[in-house]
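Visitor: Sharing a structure here in structure tokens format.
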Amino acid sequence: MKKPLQVLTAVVFFFSASILLSSFSEKKPLKFKMPWKAAGLTEKQAAAHLISRFTFGNKPGLIDEVVNKGLDNWFAEQLDGKQNDDALNNRLKEYDALSYSNEEVLNKFPRNAKILRQAIDEGLINKDSVDKSDKEAYRDKINEYMEQKGYRPQKELYRQFANQKILTAAYSNNQLQQVLTEFWFNHFNVSATKNDCAQFIPAYERDVIRPNATGKFGDLLLATAQSPAMLFYLDNFNSSGKNAESEAQEEKRKAKIEKQMREVMEGNEEDKDKKMEQLKKKKQEQGLNENYAREIMELHTLGVDGGYTQADVTEAARVLTGWTVYPLKDLGPSNFARKLIDKFGEDNLIKKGFVHKGDFFFALNRHDDKEKKVMGKTFAAGGGYDEGVELINMLAHHSSTAKFICRKLAVRFVSDNPPQTLVDKMAASFAKNDGNIKEVLITMVSSPEFWQKEAIREKTKSPFELTISAVRALDANVEAPFMLYQWVSKMGQRLYYYQAPTGFPDKGQYWINTGSLLYRMKFGLAIASQKIPGVTLSLPALNNNHEPESAVDALNKYCKIIMPERNLNETIKRLEPMINDPSILQKIETASDKNVALNTMQPGDKMMSDDGGSALNNKNMSEEKLAKKMLKKNIGKEIPTPVAEGNNSMLAQVVGIILGSPEFQRR
């Protein structure tokens with residue numbers, strides 16, 4: 001009997017051990033309690049508030065879905081970010097460039113200047129024989145060469161990227177991840193207006209921002225610091241410091257340039273002054289660049305009042321010298337690194353202290369190897385790559401960073417002027433949990449301040465938020481997302497083109513003025529009446545295909561459908577005169593003509609077609625015809641603007657006015 005007993009004991013022990021081990025390996029469930037009842041809200045009102053803060057807008061059935069799951073459970077799922085997104089992925093599958101690495105982007109979508117240079121070098125285009133005044137013939141030559149080489153126009157890359165932005169925000173089931181991606185991209189802003197940076201922005205959002213959106217702040221900070229987009233945008237890619245080797249190289253470089261300057265001065269060339277200016281600029285090119293060091297302290301971590309000085313900025317810049325971009329194919333600014341690798345071999349360089357991580361490269365020969373001191377912390381001489389990581393870790397965990405980041409999060413998710421008590425709670429959570437963004441958000445929604453009356457619908461939607469919230473509220477089907485990107489630009493928010501490192505302001509006053517409000521109303525009327533090509537919807541379907549009895553009946557019913565769980569009495573009272581005004585559309589058109597239009601294309605817009613500017617500036621072309629012209633040019637096919645069965649002009653006008661109303665601008 002002993003043997004069976006021993007076997008049974010062993011089985012029991014193994015089973016118990018398995019349970020014990022699984023308890024350690026299983027993800028610990030998030031535990032928190034939202035005090036919405038204490039704020040006097042119903043469960044549906046609380047669900048509506050959560051949706052307004054952590055998604056790009058309500059959609060039919062979502063409030064009931066959140067209530068049925070339980071508010072805590074729904075929020076935990078959103079924090080996890082693993083909801084099924086097969087339907088979204090199916091929409092995105094035609095955009096092949098979204099999965100390209102940075103090197104693939106450079107190979108497939110080269111700059112126009114590089115294409116022209118190559119074509120001339122290969123003798124396929126004669127520089128002198130091509131008449132640039134005949135733009136069409138010149139463009140045909142370039143297009144022919146691109147086709148031979150398998151190159152694709154850059155505008156195609158940027159349009160694909162813009163399209164995924166619209167579709168992901170509108171249709172992803174992981175809404176919080178998309179909202180946070182938008183927030184962190186804006187916080188760590190890079191701009192397509194800077195040519196060196198532009199091609200790397202798709203991978204920056206995909207590989208750096210989105211995967212780290214709900215993780216630890218320190219990981220996100222380091223990832224942005226080492227991304228080509230940021231290294232080029234804030235010029236750290238060419239920041240170099242002093243060491244024995246670099247000083248010798250710098251002397252040789254300057255001597256060579258000075259010799260070239262003497263030769264130019266002694267020569268008889270016509271453009272002597274221009275060449276001298278170029279050489280002077282080249283002579284000053286290398287050296288310490290403080291741009292990134294300043295912004296990582298002022299905008300990314302500590303805040304302007306974070307307790308650092310200009311001397312700290314300079315010392316931090318010295319710590320980060322040598323942080324540059326790995327020499328990807330034909331990437332001019334990193335050719336110096338390619339020469340080093342070709343000469344010594346990458347393995348040998350790494351043994352000496354060079355570092356290669358993805359598209360990041362630490363060039364030891366450009367690093368300042370002397371002692372530095374930042375905010376009281378001494379970095380010993382010879383620290384190399386590790387001292388840069390140590391600096392970033394120090395900034396990520398500084399108490400000023402906790403306060404600065406948590407205030408920005410509170411401004412985004414609570415109100416333009418969040419209570420200091422809430423910010424303090426969030427900052428304490430940030431410090432306690434190693435900068436864990438999930439834990440900070442849990443602290444926020446577990447606090448009474450998040451649910452107080454003053455925070456409900458206190459925020460103003462940006463043009464992007466307005467556009468996506470309208471798509472979601474109307475349950476619209478978007479086949480041509482670029483047309484919506486154009487509308488976002490018209491209303492004043494050119495995504496990926498905000499030039500300053502601050503990113504777009506997150507305050508209502510920035511977005512609201514007479515011109516922008518008129519364009520918001522025009523957008524509401526355009527989408528409701530289906531005058532945006534490639535965007536279809538059924539207004540009657542939102543009301544279970546019941547036709548409203550009158551314009552006033554439609555106003556009452558659709559206000560409640562589009563803006564549920566709100567007290568809409570005052571809104572309806574204000575909108576009634578507008579829906580009964582037969583000339584309201586003409587009045588809006590006339591008023592908008594008197595205001596300066598927000599141009600959708602500015603110099604350097606990389607997403608527009610070649611004749612986009614002339615089309616957009618054609619005042620004799622209707623919005624609908626203009627949109628169709630741009631659509632055909634941008635996606636290469638005709639998409640009609642069918643009116644869904646049962647839609648009518650009265651209902652479309654009522655819904656358009658609701659979407660343009662001040663109440664719908666709030667979230």
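Visitor: Identify, from the list GLU104, GLU136, GLU144, the residue that is touching a Leu at 6+ places or on another chain (Cβ under 9 Å), over 20 Å from ALA480 (Cα atoms) and acidic (Asp, Glu).
Guide: So the residue among GLU104, GLU136, GLU144 that is touching a Leu at 6+ places or on another chain (Cβ under 9 Å), over 20 Å from ALA480 (Cα atoms) and acidic (Asp, Glu) is GLU144.
Visitor: So, of the residues in segment 38-70 that are farther than 14 Å from VAL414 by Cα and of a type in the set (D, E, K, R), which turns out to be farthest from the chain's Cα centre (by Cα)?
Guide: GLU43
Visitor: I've got another one for you. Name every residue in segment 475-495 that is part of a loop (DSSP other than H, G, I, E, B) and either open to solvent by 10 Å² or more (accessible area, probe 1.4 Å) or farther than 21 Å from TYR558 by Cβ (or both), in order of residue number.
Guide: Within segment 475-495, ASP475, GLU479, ALA480, MET491, GLY492, GLN493, ARG494, LEU495 qualify.
Visitor: Which pairs have Cβ atoms under 7 Å, sit 6 or more apart or on different chains, and link a residue in segment 357-375 that is polar (S, T, N, Q) to one that is open to solvent by 60 Å² or more (accessible area, probe 1.4 Å)?
Guide: Note: pairs meeting the criteria are ASN365/GLU245.
Visitor: Which of the residues spanning segment 351-371 are more than 16 Å from PHE336 (Cα to Cα) and open to solvent by 20 Å² or more (accessible area, probe 1.4 Å)?
Guide: Once the filter is applied, which keeps residues that are more than 16 Å from PHE336 (Cα to Cα) and open to solvent by 20 Å² or more (accessible area, probe 1.4 Å), segment 351-371 yields LYS351, LYS352, GLY353, LYS357, GLY358, ASP369, LYS370, GLU371.
Visitor: To continue, here is another question. In this structure, does VAL374 turn out to be of a type outside the set (D, E, K, R), within 30 Å of GLY287 (Cα to Cα), open to solvent by 10 Å² or more (accessible area, probe 1.4 Å) and modelled with pLDDT of 95 or more?
Guide: Judged against the criteria, VAL374 is not a match.
Visitor: Oh, and also: Could you give me the residue pairs with C-beta distances under 9 Å whose first residue belongs to segment 306-329 and is of a type in the set (Lys, Arg), whose second residue is open to solvent by 10 Å² or more (accessible area, probe 1.4 Å) wherever it lies, and which are 6+ apart or on separate chains?
Guide: ARG318/GLY241; ARG318/LYS242; ARG318/LEU288; ARG318/ASP368; ARG318/LYS370; LYS329/GLU103; LYS329/LEU106; LYS329/ASN107
Visitor: Hey, among the residues in segment 426-449 that are touching a residue at least 40 places away in the same chain (Cβ under 8 Å) and under 14 Å from ARG407 (Cα atoms), which one's nearest to the chain's Cα centre (by Cα)?
Guide: ILE437
Visitor: Scan segment 204-225 residue by residue and report those that are among the aromatic types (Phe, Trp, Tyr) and free of Cβ contacts under 8 Å to residues at least 60 places away in the same chain.
Guide: Scanning segment 204-225 gives a single hit, TYR204.
The values are calculated or read from the model by the stated rules, or taken from the named source; none is laboratory data. Because the structure is a prediction, the values reported are computed rather than measured. Cβ: placed from backbone, ideal geometry, glycine included. Neighbour counts: every protein chain shown. Each accessible area value is taken on the protein alone, full model and side chains, heavy atoms only, with ligands, DNA and RNA left out. Shrake-Rupley method; radii C 1.70, N 1.55, O 1.52, S 1.80 Å.
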